[in-house]
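Below is one structure; the comments refer to it alone.
The values are calculated or read from the model by the stated rules, or taken from the named source; none is laboratory data. Everything numeric here is computed off the predicted structure, so don't read it as measured data. For neighbour counting, all protein chains shown are included, and Cβ atoms are generated from backbone atoms with ideal geometry for every residue, glycine included.
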Amino acid sequence: MSDETIYTPPKVWTWDSESGGQFANINRPIAGATHDKDLPVGQHPLQLYSLATPNGVKVTIMLEELLALGHSEAEYNAWLINIGDGDQFSSGFVGANPNSKIPALWDHSGKEPVRVFESASILFHLAEKFGAFLPEDGAKRTEVMNWVFWQMGSAPYLGGGFGHFYAYAPEKWQYPIDRFAMEAKRQLHVLDLELADKPFIAGDEYTIADMAIWPWYGQLVLGRLYSAAEFLDVESYENVVRWAKEIDARPAVQRGRMVNRTFGEPHTQLHERHDSGDFETRTQDKLETTD
């Protein structure tokens, strides 16, 4: 390494330029709203403001699974928050989530609206509300929560760590890529060992633990994240691949992946969802034309 490549941190860090990379225009060291704009509100008690990133997909899968179980009160409006345009910094969204990250949920079903932010908190809120996908038994419930919290603590190393330096950073540096690739593979091995003798991550039941983990690690081994499947040799994690494919085949998961999606093939996108019929009609204001 030459002297020109060595970075010496200043005594006090200051933000004097964009950091570079794909998301440089939305990264900043301060919080709060940048502009005034109210969030839209639809006809259902549950109002979701999101984008079909892995964290957003967790919640739309949960909502579609609840509806598939017959919980009609889980009907929801899903409004698109385009993070590339800075929608998450509107006064309305900051009011829903002061951390300015998707997804955010307003639950209007009670006497007073309840805001719910952080994807795991939304999963837990919905599981408690509808009595589904979270066991009542104490030990089984704790095991589910173990894995939900594992995902929340581990995925930043996969996304902000490996994903950023491998796929999005303006320059490719071996040290951070090696460091986070090693951690991503360690995490995949953790899951592979756990799934060796059980169908789902927390045991015999499909739970919010699977819904939390699958959008990140399931889609990674299915080749949908960072174009990194070959680089990480994901096929070697046979138990994770088996689990990922089985969950991917669930109709509610397939619907959940579409909601608030603005990328990929047009037929996989549903920019906004306001009722179940939207999956069939996908009107032009919600889906790009293919002409």
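One residue is enough: does the stretch 5-25 have a residue meeting the conditions under 21 Å from residue 107 (Cα atoms) and at pLDDT 95 or above? Let's see the steps before the verdict.
We begin by selecting, within the stretch 5-25, every residue under 21 Å from residue 107 (Cα atoms); these are none.
Taking every residue of the stretch 5-25 in turn, none turns out to be under 21 Å from residue 107 (Cα atoms) and at pLDDT 95 or above.
I'd like to know if the stretch 220-227 contains one or more residues that are under 28 Å from residue 137 (Cβ atoms), modelled with pLDDT of 95 or more and surrounded by fewer than 16 Cβ atoms within 10 Å (Cβ to Cβ).
Keep residues of the stretch 220-227 that are under 28 Å from residue 137 (Cβ atoms), which gives none.
Taking every residue of the stretch 220-227 in turn, none turns out to be under 28 Å from residue 137 (Cβ atoms), modelled with pLDDT of 95 or more and surrounded by fewer than 16 Cβ atoms within 10 Å (Cβ to Cβ).
Which residues, counting only those in the stretch 186-205, are surrounded by 13 or more Cβ atoms within 10 Å (Cβ to Cβ) and closer than 19 Å to residue 135 by Cβ?
Passing the criteria: 194, 195, 198, 199, 200, 201, 202, 203, 205.
Kindly list, by first and then second residue, each pair from a residue in the stretch 244-268 that is at positive phi to a residue that is hydroxyl-bearing (Ser, Thr, Tyr) and surrounded by 13 or more Cβ atoms within 10 Å (Cβ to Cβ), limited to pairs with Cβ atoms under 6 Å and residues at least 6 apart or on different chains.
260/50
Inspect the stretch 109-117 for any residue being of a type outside the set (A, V, I, L, M) and under 23 Å from residue 226 (Cβ atoms) and give the result as yes or no.
No, the stretch 109-117 has no match at all.
What do you reckon, is residue 268 among the hydroxyl-bearing types (Ser, Thr, Tyr), buried (at least 18 other Cβ atoms within 10 Å of the Cβ) and touching a helix residue (DSSP H, G or I) at 6+ places or on another chain (Cβ under 9 Å)?
no
Take the residues in the stretch 9-60 that are of a type in the set (Asp, Glu) and within 23 Å of residue 173 (Cα to Cα), then tell me which one is nearest to the chain's Cα centre (by Cα). Walk me through it before giving the result.
As a first pass, look at the stretch 9-60 and keep what is of a type in the set (Asp, Glu): 16, 18, 36, 38.
If we keep only those that are within 23 Å of residue 173 (Cα to Cα) as well, we get 16, 18.
Numbers: 16: 30, 18: 25 Å.
Per the criteria, the residue is 18.
Conditions first: (1) without any contact (Cβ under 8 Å) to a residue 12 or more places away in the chain; (2) surrounded by 14 or more Cβ atoms within 10 Å (Cβ to Cβ). Residue 85 passes all but one, so which condition is the exception?
(2)
Could you tell me whether any residue of the stretch 219-228 is free of Cβ contacts under 8 Å to residues at least 12 places away in the same chain, out of contact with any strand residue (DSSP E or B) (no Cβ under 6 Å at 6 or more places or on another chain), of a type in the set (Lys, Arg) and more than 19 Å from residue 159 (Cβ to Cβ)?
no
Pick from 69, 46, 39: which is more than 30 Å from residue 226 (Cβ to Cβ) and either crowded, with 19+ Cβ neighbours inside 10 Å or aromatic (Phe, Trp, Tyr) (or both)?
46
Which of the helices (runs of 4 or more DSSP H) found entirely inside the stretch 155-270 contain at least 3 residues meeting this: within 16 Å of the chain's Cα centre (by Cα)?
Ranges flagged: 208-213, 238-248, 251-258.
Being under 19 Å from residue 259 (Cβ atoms) and among the small types (Gly, Ala, Ser) is true for just one of 90, 72, 100. Which residue is that?
Of 90, 72, 100, the one residue that is under 19 Å from residue 259 (Cβ atoms) and among the small types (Gly, Ala, Ser) is 72.
Would you be able to tell me the number of residues in the stretch 92-132 that are over 15 Å from residue 46 (Cα atoms) and surrounded by fewer than 21 Cβ atoms within 10 Å (Cβ to Cβ)?
Here the count works out to 11.
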